[in-house]
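*Asks:* The structure is given below, and queries will be raised subsequently.
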Amino acid sequence: ATPLCCGRHMAALSVAHGRAQPRFWPGCFSAVLLSMTLCGGFPPAGEGLCLLERLQHEPYWDEVSSGQSLENGRQCSCPETYESVAGDPLDAAVAFLEHWSTLAPYVSPFPYVRFADVISDGVPLERSLSPTWRFPSWRAAAGPTHETMTLSDGFNAVWQMLQVALQRPGARNRCLSDAACSSAVLVGELLRAARGLLAAGTSQRGDELDELQGALLGDGDTFPHWEQVLRDGRGHVFLSALLSIAAASLELPPSPSSRSEQQEERRGKRCDFGGASVAMLQMMERGDGELAHALSKAPPVAACGGLHRWLLEARPTLRLAASSVGAGAGHHRESVLSERRTAESTPRPESSAGRLTHTLCEDVLRLLVQMGGQVLHIHGASLFEQGLANGRRSLRFELLHFMSTDDECIRLTVYGKTPRERNYYAHALTLPANHLMQLNCSIGGAHATSRIVSYFGYDAVAYCEIEVPDTAERIADSVMSVELNVASLPSWTIEPIKLCPILPLRRFRIAACTQPLHGFDYLEGLSPGLLGQWLDYHFALGIEHFTVLDADGSFGDPLRSYVHSGRAEYVPRWPRKFGGPVYDAMASDPSAAQFRPILLEVEAENLCLWRYRGRADWVVVLHSPDEFLHVASEADVVRGPGPGSLSRFLDALEPQRHGLSHVELRQVLYGGPEVAGATSVPGRFMHREDGSEAPTSVPHTFIANVLNIAQAGVHPARARPAASAGAEPLVVVHADPMTDLRVNHYINALGAKRCGDRLCNTYDEGMSWAAA
């Protein structure tokens, strides 16, 4: 399909929809990544503006509607210019797929604990927790899909760029003749299969596994055989990718025995990996021999009745193989490979990156990269210091950033069925080639190359691990400078980043962030006094400080008293501050055809979370004033709803806070018949949905331990990736919305009655204390 969008430097993604997309590699998955591309002009921002859009959060393995063109829109085009950011796109994508430390964050499961498991007999546990392992909520079993994984995370974006690069003249033959390239494509197919299995579930398992088997048993014309991959020295990435498939298979029920399996069993053949394991142990004991030869003792797929059982039975042998090929698989073994590992059997060290010493001096930096045509937007930076066992110290520099072009071209991911919905629920994406940059960091003469992770595709985080001798000069309590450059583009000039030391300012136990709000007068007309009710209610719960952002400058006067009292900080006109005039024009004029006020919502959430590093312990994201936290827990340590209940809830997590990333919160809808004469929103709406499906729904928001969180993605969040191989991953707390903590979402308070008397028919007076 043809890329659509205009501009001088914009790197446009090609469109691939459903299984109709031509396959670039026989026997492998089609590159099914983008759902649609729409373009539309926007006169107020300039003649050159073009919007490249696609449906948000629709899994690429689904058949989804391609949508309709925007009203009054026009088609336009952009040249593909991946080279301007990452060098040769084929080489850059291959390099991305060769390093397991870069790939692991996209396929690793997370350790989860229930809030009820953190307390015992009403008392917070001091000992280590016993988490269960599961993969992110990429797809809810029922309910909205728009709160799950996006198509645009770093792995998906790189995989799509690789497929585009392989369509160029001569690229396919070049890749087939290069061991690194062909191995990288095989690894990519394995990882896509793992993610596809997890998201598609049982309904498409057969098709996914059949195609994966074709990739694994390549005939040499499409992929090298997997034994050749091992001989080429790329065993740890291949095995880690294969093991991610096995881990994904754990989430699926076993398939019934096939006829081929029954036939093989009658011939006396079994799905037995004992021979391969023994050969591998002998190889390791002797210290010689080929891993490929040892693995050749594994039974054929047919002996197991199919790839699903083969993968399940192969896990012990594959883990043994992974342990023999070095640290690359070792990192994977500590995270993805562990089957329901508990903290009792493996003690968990503190997972923080060390002592936070510096953060970004400015709120936002918008740097035009000289000779590059790109703009680097920086909205967060942190520096951590940690001692190492080898007599050296580690400096960990983390850079939260977003990349755009300087030509009024904007990448968007949208959600909705109508043009109006897709206009409003639109979020900006960083340039896809951002994920491929080899960004080098330099601090005080010490250098390192970063790894870049983007869990959702809106913005990205670069992680630089720099070792310095322990005898080197300690980090001074003064401004530090970090120099950045891109390895593939020595002509790029990027202004040094200034970091300021953490100051002994007022520290908050609990703070809160909003999305960029807009239209205060409209809000006030729908629900008079709602903003003040909302803020005062959450202050009563235990929140000490709010950061309120808006898109249009309309919330300045209503917030004045809160700002003067030190209880709130106001960030006006966020799109202008972060993106510049083009973004501001799209977010501040409600009459505009392309009015998109929450265009930079995710970047705003992440700015706020990172700004609280060193200033707050916990930060809750509350999108808008119709969302009220409600503590439902009756545990002794919490003592039910009421003033201070949020503080008491988080007190129960304090002994474990160093190892926690965030608490996932689900929503329950409120609406139904209004209470006559009530003036507050909690008092007007005392009916909710029954909530029976709420505990298993996808998260609506979260409370973050800001030192351990990496990124938000509108509704979900992700922990920072492990700092080193073998480090324990951070734990996510699941709060049951009916018995622990939830978001009461009063969706009837701001316009249409979306939760009518039939849906919201359960009377609940849990918020009666705040109804006055």
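*Asks:* From ALA735, ALA771, which residue is among the small types (Gly, Ala, Ser) and either touching a Ser or Thr at 6+ places or on another chain (Cβ under 7 Å) or open to solvent by 40 Å² or more (accessible area, probe 1.4 Å) (or both)?
*Replies:* Result of the check over ALA735, ALA771: ALA771.
*Asks:* Consider segment 515-570. How many of its residues are under 25 Å from VAL582 (Cα atoms), open to solvent by less than 10 Å² (accessible area, probe 1.4 Å) and either at pLDDT below 95 or small (Gly, Ala, Ser) (or both)?
*Replies:* Count: 1.
*Asks:* Now for a different question. Within the set of pairs 6+ apart or on separate chains, which have a first residue in segment 662-675 that is over 21 Å from LYS753 (Cα atoms), a second that is crowded, with 23+ Cβ neighbours inside 10 Å and of a type in the set (Ser, Thr, Tyr), and C-beta atoms under 9 Å apart?
*Replies:* Taking only residues 6 or more apart or on different chains, the pairs are GLU664/THR701; LEU665/THR701.
*Asks:* Residues of segment 453-468 being closer than 19 Å to THR359 by Cα, out of contact with any helix residue (DSSP H, G or I) (no Cβ under 6 Å at 6 or more places or on another chain) and open to solvent by less than 20 Å² (accessible area, probe 1.4 Å), which ones?
*Replies:* Residues satisfying the conditions are VAL461, ALA462, TYR463, CYS464, ILE466.
*Asks:* Please verify whether THR471 is out of contact with any Ser or Thr (no Cβ under 7 Å at 6 or more places or on another chain), modelled with pLDDT under 75 and either surrounded by 14 or more Cβ atoms within 10 Å (Cβ to Cβ) or closer than 27 Å to PRO572 by Cβ (or both), treating the condition exactly as stated.
*Replies:* Taking the combined requirement at face value, the residue does not satisfy it.
*Asks:* Quick one: ASP363 ticks every box in (1) at pLDDT 80 or above; (2) outside any strand (DSSP E or B); (3) farther than 23 Å from ASN606 by Cα; (4) of a type outside the set (Phe, Trp, Tyr) bar one, so which box is it?
*Replies:* ASP363 satisfies every listed condition except (3).
*Asks:* Going by what's in this entry, would ALA433 be described as crowded, with 24+ Cβ neighbours inside 10 Å and farther than 30 Å from ASN705 by Cβ?
*Replies:* Yes, satisfied.
*Asks:* On the basis of being farther than 18 Å from THR413 by Cβ, open to solvent by less than 50 Å² (accessible area, probe 1.4 Å) and of a type in the set (Gly, Ala, Ser), does GLY614 make the cut?
*Replies:* Criteria met by GLY614.
*Asks:* Criterion first (modelled with pLDDT of 95 or more, out of contact with any His (no Cβ under 6 Å at 6 or more places or on another chain) and farther than 30 Å from LEU600 by Cα) does ARG758 satisfy it?
*Replies:* no
*Asks:* Quick check on TYR583: is it open to solvent by 10 Å² or more (accessible area, probe 1.4 Å) and either on the phi > 0 side of the Ramachandran plot or among the aromatic types (Phe, Trp, Tyr) (or both)?
*Replies:* yes
*Asks:* Okay, moving on. Checking the structure you have, find out if any residue of segment 576-583 is small (Gly, Ala, Ser) and assigned to a helix (DSSP H, G or I).
*Replies:* Within segment 576-583, one or more residues are small (Gly, Ala, Ser) and assigned to a helix (DSSP H, G or I).
*Asks:* Still on this model: Out of (1) closer than 23 Å to PHE155 by Cα; (2) assigned to a strand (DSSP E or B), the odd one out for ARG393 is which?
*Replies:* (1)
*Asks:* Quick one: which residue in LEU707, LEU750 is in a loop (DSSP other than H, G, I, E, B), open to solvent by 10 Å² or more (accessible area, probe 1.4 Å), touching a Lys or Arg at 6+ places or on another chain (Cβ under 7 Å) and not hydroxyl-bearing (Ser, Thr, Tyr)?
*Replies:* Sole residue among the options that is in a loop (DSSP other than H, G, I, E, B), open to solvent by 10 Å² or more (accessible area, probe 1.4 Å), touching a Lys or Arg at 6+ places or on another chain (Cβ under 7 Å) and not hydroxyl-bearing (Ser, Thr, Tyr): LEU707.
*Asks:* Then there is this: From the list LEU526, LEU535, LEU505, which residue is over 18 Å from TRP618 (Cα atoms), aliphatic (A, V, I, L, M) and in contact (Cβ under 8 Å) with a residue 12 or more places away in the chain?
*Replies:* Result of the check over LEU526, LEU535, LEU505: LEU526.
The values are calculated or read from the model by the stated rules, or taken from the named source; none is laboratory data. Keep in mind it's a predicted model, so treat the numbers as computed, not measured. Ideal geometry is used to build each Cβ from the backbone, glycine not excepted, and the neighbour counts take in all protein chains shown. Each accessible area value is taken on the protein alone, full model and side chains, heavy atoms only, with ligands, DNA and RNA left out. Shrake-Rupley method; radii C 1.70, N 1.55, O 1.52, S 1.80 Å.
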